[in-house]
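Notes follow once the structure below has been shown.
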Amino acid sequence: MTTDNNVLIKVENLHKHFEDIEVLKGINAEICKGDVIVIIGASGSGKSTFLRCLNRLEEPTDGKIYFEGVDITDPKTDINLHRQKMGMVFQQFNLFPHMTVLRNMTLGPMKLLKQSKEEAEANAMKLLDRVGLADRADAYPGQLSGGQKQRVAIVRALAMNPDVLLFDEPTSALDPEMVGEVLDVMKSLAREGMTMAVVTHEMGFAREVGTQVVFIDEGVIVEQNSPEEFFSNPKNPRLKDFLSKVI
Amino acid sequence: MNDFINGISESFVKTFITEDRWQQILAGLGTTLEITFFALILGLVLGFLIAIIRSTYDMNLKGKKSKSAGDVIVKILNAVCNIYITVIRGTPVVVQLMIMYFIVFLSSRDGIMAAILSFGINSGAYVAEIVRSGIMSIDKGQFEASRSLGFNYRSTMIHIILPQALKNVLPALGNEFIVLLKETSVAGYVAIQDLTYIGNLIRSRTYEAFFPLITVAVIYLVIVLIISFFLKKLERRLRNSDH
């Protein structure tokens with residue numbers, strides 16, 4: 001338990017094993033309100049697993065995760081309630097293909113937050129308008145481009161009015177010309193003070209809106225710094241090597 | 001030539017008109033439809049329950065240690081379902097029917113009830129595997145997206161997984177429905193006067209094989225065509241979201 005009211009998520013000594021493979025080997029991290037934490041690392045480094053542990057889509061093997069002061073790794077906590085406050089955006093969008101865009105966005109608010117249909121739909125339309133997709137409200141996900149799908153996925157998460165958004169490589173499955181439209185939405189969210197944890201390969205995004213950049217390698221955080229320091233003055237040799245390959 | 005036409009009309013009369021046999025055929029058809037309808041419903045209910053239990057086990061507990069009492073219950077239920085599916089799929093339906101009628105229903109001899117239960121329990125095993133394959137075919141990401149919004153396992157199943165799974169397996173379920181209808185033709189083994197039994201009865205009474213048997217065949221075919229027509233319609237409606 002922390003006394004600092006600004007800390008939204010606190011991770012203590014997080015371990016995750018898949019069978020015999022240890023993917024996370026003791027991660028400690030803090031995410032404060034308004035932070036945009038960008039997590040980078042090579043494929044297989046454990047960065048996605050780390051993000052997915054934060055809302056327990058992956059069950060941590062060991063360690064503690066506090067969200068808004070509550071230990072959500074405690075089996076007695078109702079994780080479903082906390083997940084309502086932690087939006088997640090996936091690499092593969094994961095929109096519900098059998099529902100319209102609008103229904104995708106109103107299902108959670110109506111069933112979980114008990115909003116009325118009118119309220120949920122008005123709110124959803126406002127959000128869709130914001131990402132320039134108000135005219136696609138009645139379309140099915142299969143009728144949208146990748147970039148449009150991901151923008152809908154972001155506003156679907158936002159419709160739950162979360163306190164933090166987790167992004168798991170949100171632009172990696174997109175055609176290059178669609179990456180920009182998704183990053184623009186994410187940037188505008190960041191500027192409005194939305195707390196975000198973003199696993200990505202978009203170094204430009206990290207530099208521009210990240211408050212902290214974290215480099216995960218072989219299951220541990222090996223370097224964490226402000227974007228300026230992180231990119232201009234990397235200290236860890238593996239990070240140097242990684243940056244030289246991706247930039 | 002006249003003899004030929006006379007012969008045909010005579011066997012037609014014997015098959016349908018004498019002793020009001022057409023009414024027997026209708027009654028037989030009614031029995032077949034009754035057994036099929038209730039067995040179908042029983043099969044769907046059983047099948048869905050088992051599919052949900054089995055896929056819950058497959059997705060969450062397979063090869064893992066039980067963490068709660070709920071886990072243990074699911075594991076036990078899964079084992080029971082496995083035995084059920086193995087036994088039902090491993091034995092002929094007509095044998096199951098005879099066991100039901102001559103052993104389980106020994107005292108009441110309620111043939112129709114025995115048939116409904118036998119065919120329903122039999123169909124349930126197949127429906128279970130069809131629905132389970134549908135559930136398992138849904139991308140894991142659908143689960144994760146739903147859970148990440150805060151939906152629990154049950155709501156995720158109801159709102160996200162089952163509607164998509166059902167759409168995917170509708171053709172296979174329709175096929176199972178048709179198989180069930182035709183399988184009930186062995187009900188005569190336990191003296192139920194279903195459509196096939198009546199056809200055969202008329203054949204043995206009249207010594208005319210052609211009209212009774214062809215009539216029975218045509219009636220089955222027509223029912224199957226009607227079922228197929230409505231299934232296709234339903235499929236098309238559910239395809240609305242595919243683009």
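The values are calculated or read from the model by the stated rules, or taken from the named source; none is laboratory data. These figures come from a predicted structure and were not determined experimentally. Note that we place each Cβ from the backbone using ideal geometry, even for glycine, and neighbour counts take in every protein chain shown. In case anyone asks, the SASA skips ligands and DNA or RNA and just uses the protein heavy atoms, side chains included. Shrake-Rupley method; radii C 1.70, N 1.55, O 1.52, S 1.80 Å.
Just to be sure I understand: of the beta bridges DSSP finds with both ends in the protein assembly as shown, what percent are antiparallel, rounded to 5?
Looking only at bridges with both residues in the protein assembly as shown, the antiparallel portion is about 55 percent.
I want the local charge near residue B:29. Using Cβ-Cβ distances under 14 Å, sum +1 for each Lys or Arg and -1 for each Asp or Glu among the other residues. Each step should come with its number before you reach the end.
On the way: positive: B:21, B:182; negative: B:34, B:194.
Residues near residue B:29 contribute 0 overall.
Roughly how far apart, in whole Å, are the Cα centres of the stretch B:52-119 and the stretch B:122-177?
What the calculation gives is 20 Å, centre to centre.
With springs connecting C-alpha atoms under 10 Å apart, model chain B as a Gaussian network and identify which of B:49, B:29, B:201 has the largest mean-square fluctuation.
Result for chain B, Cα springs under 10 Å: B:201 fluctuates most.
Using the Karplus curve 6.51 cos²θ - 1.76 cosθ + 1.60 with θ = phi - 60°, work out ³J(HN,Hα) for each residue of the stretch A:126-138 in order, rounded to whole Hz, and write x for Gly and Pro.
Values per residue, Gly and Pro as x: 4, 5, 5, 4, 4, 9, x, 10, 4, 6, 9, 4, 9 Hz.
Can you put A:71, A:138, B:110 in order of accessible area, largest first, using a 1.4 Å probe?
My answer, sorted largest first, is A:138, B:110, A:71.
Report the net charge of residues surrounding residue B:111, where surrounding means a beta-carbon distance below 12 angstrom and charges are Lys +1, Arg +1, Asp -1, Glu -1. The partial results should precede the final answer.
On the way: positive: B:109; negative: B:34, B:110, B:194.
Result for the neighbourhood of residue B:111: -2.
R0 = 30 Å: FRET efficiency of residue B:102 with residue B:13, Cβ-based, nearest 0.05?
0.20
Evaluate the distance, in nm, between pseudo-label points positioned 7 Å from the Cα of residue B:23 and of residue A:25 along their respective Cα→Cβ axes.
8.7 nm
Roughly how many nanometres apart are two label points built 7 Å out from the Cα toward the Cβ at residue B:153 and residue A:70?
Spacing of the two 7 Å Cα→Cβ label points: 2.0 nm.
Please build a GNM for chain A, connecting alpha carbons under 10 Å apart, and tell me which residue among A:232, A:48, A:145 fluctuates the most.
Per the Cα network of chain A with a 10 Å cutoff, A:232 tops the list.
Take the residue pairs B:64/B:140; A:47/B:67; A:187/A:240; A:187/B:64; A:240/B:62 and return only those whose Cα atoms are more than 30 Å apart.
Too far apart for the 30 Å limit: A:187/B:64; A:240/B:62.
Counting pairs of alpha carbon atoms under 8 Å apart in space and at least six apart in sequence, what relative contact order in percent does chain B give? Kindly include the intermediate steps, with their values, before the conclusion.
Details: 232 pairs, mean separation 70.0, N = 243.
Reported as a whole number, the value is 29 percent.
If you take every DSSP beta bridge whose two residues both sit in chain A, what share of them, in percent to the nearest 5, is antiparallel?
If we restrict to bridges inside chain A, about 55 percent are antiparallel.
Give the residue from B:197, B:43, B:101 lying farthest towards the positive end of the charge dipole for chain B; charges sit on Cβ (+1 for Lys and Arg, -1 for Asp and Glu) and the dipole is referred to the Cα centre.
Projecting each Cα onto the dipole axis, the largest value belongs to B:43.
Using a 1.4 angstrom probe on the protein heavy atoms only, could you order A:111, A:117 from most to least accessible area?
A:117, A:111
Can you give the mean number of other chain Cβ atoms that lie within 10 Å of the Cβ atoms in peptide A:106-115?
Details: counts 0, 6, 8, 1, 0, 6, 5, 1, 0, 0.
Other-chain Cβ atoms within 10 Å of each residue's Cβ, averaged: 3.
Within the stretch B:38-87, list the trypsin sites (Lys or Arg not before Pro) lying in a DSSP loop whose Cβ has at most 14 other Cβ atoms in a 10 Å radius.
B:62, B:64, B:65, B:67
Report the longest stretch of chain A that contains none of the GluC sites (Glu not before Pro) sitting in a DSSP loop with at most 13 other Cβ atoms within 10 Å.
It works out to A:20-191.
Share of chain B's accessible area from carbon and sulfur, percent, 1.4 Å? Please report the intermediate quantities before stating the final value.
Values: 8660 of 12930 Å².
Answer for chain B: carbon and sulfur cover 67 percent of the accessible area.
Evaluate the charge dipole of the stretch A:38-105 about its Cα centre and quote only its size in Debye, nearest 20, assuming +1 on the Cβ of each Lys and Arg and -1 on the Cβ of each Asp and Glu. Could you put the intermediate results ahead of the total?
Details: 8 positive and 7 negative charges, 53 e Å.
For this selection, approximately 260 debye.
Determine by what factor the alpha-carbon radius of gyration of the protein assembly as shown differs from 2.2 N^0.38 Å, reporting the quotient.
1.33
What lysines could a cross-link reach from residue A:111, if we take a straight Cα to Cα line under 17 Å and drop same-chain neighbours fewer than 8 places away?
A:85
Can you list residues whose amide H is under 5 Å from residue A:73's amide H, if they're 5+ apart or on another chain and H is modeled 1.01 Å from N?
A:65
Taking the Cα atoms of the stretch B:2-241 alone, what are Rg (to one decimal) and Dmax (as a whole number) in Å?
Just the Cα atoms of the stretch B:2-241 yield Rg and Dmax of 22.6, 83 Å.
List, in order, the whole-Hz ³J(HN,Hα) value for each residue of the stretch A:33-44 obtained from phi through the Karplus relation with A = 6.51, B = -1.76, C = 1.60 and θ = phi - 60°; use x for Gly and Pro.
Karplus values, whole Hz, x for Gly and Pro: 4, x, 5, 10, 8, 9, 10, 10, x, 5, 5, x.
Pull up all non-local amide H partners of residue A:8: gap of 5 or more, or a different chain, and H-to-H distance under 5 Å with H placed in the peptide plane.
A:31, A:32, A:33
Calculate, for residue B:166 and residue B:45, the FRET efficiency according to 1/(1 + (r/R0)^6) with r their C-beta to C-beta distance and R0 22 Å; round to the nearest 0.05.
Efficiency, rounded to the nearest 0.05: 0.95.
Enumerate the amide H contacts of residue A:88 below 5 Å, restricted to partners 5 or more residues apart or on another chain; note that Pro and chain-start residues carry no placed amide H.
Hits under the 5 Å cutoff: A:166.
Counting other Cβ atoms within 10 Å of each Cβ, which trypsin sites (Lys or Arg not before Pro) in the stretch B:108-155 have at most 14 and sit in a DSSP loop?
B:109
State the Kirkwood hydrodynamic radius of the stretch A:16-106 in Å, one decimal place, computed from all pairs of distinct Cα atoms.
15.1 Å
Using 7 Å Cα-to-Cβ label points, what is the residue B:68/residue B:189 separation (nm, one decimal)?
Result: 4.4 nm between the two label points.
Rounding to the nearest 20 debye, state how big the charge dipole of chain B is about its Cα centre with +1 on each Lys and Arg Cβ and -1 on each Asp and Glu Cβ.
Roughly 1180 debye, rounded to the nearest 20.
Rounded to the nearest 0.05, what FRET efficiency is calculated for residue B:227 and residue A:43 with R0 set to 45 Å and r the Cβ-Cβ distance?
The pair residue B:227/residue A:43 has a calculated efficiency of 0.35.
Residue by residue, what Karplus-based ³J(HN,Hα) values in Hz, rounded to whole numbers, does the stretch A:52-57 have, using 6.51, -1.76 and 1.60 with θ = phi - 60° and x for Gly and Pro?
Here the 3J(HN,Hα) series is 6, 6, 4, 10, 6, 5 Hz.
How much mean residue ellipticity at 222 nm does chain A get from its helices, if each DSSP H run of length 4 or more adds -39500 (n - 2.57) and you divide by all residues, to the nearest 500 deg cm²/dmol? Each step should come with its number before you reach the end.
Details: 9 runs with 91 residues, N = 247.
Theoretical 222 nm ellipticity from helices: -11000 deg cm²/dmol.
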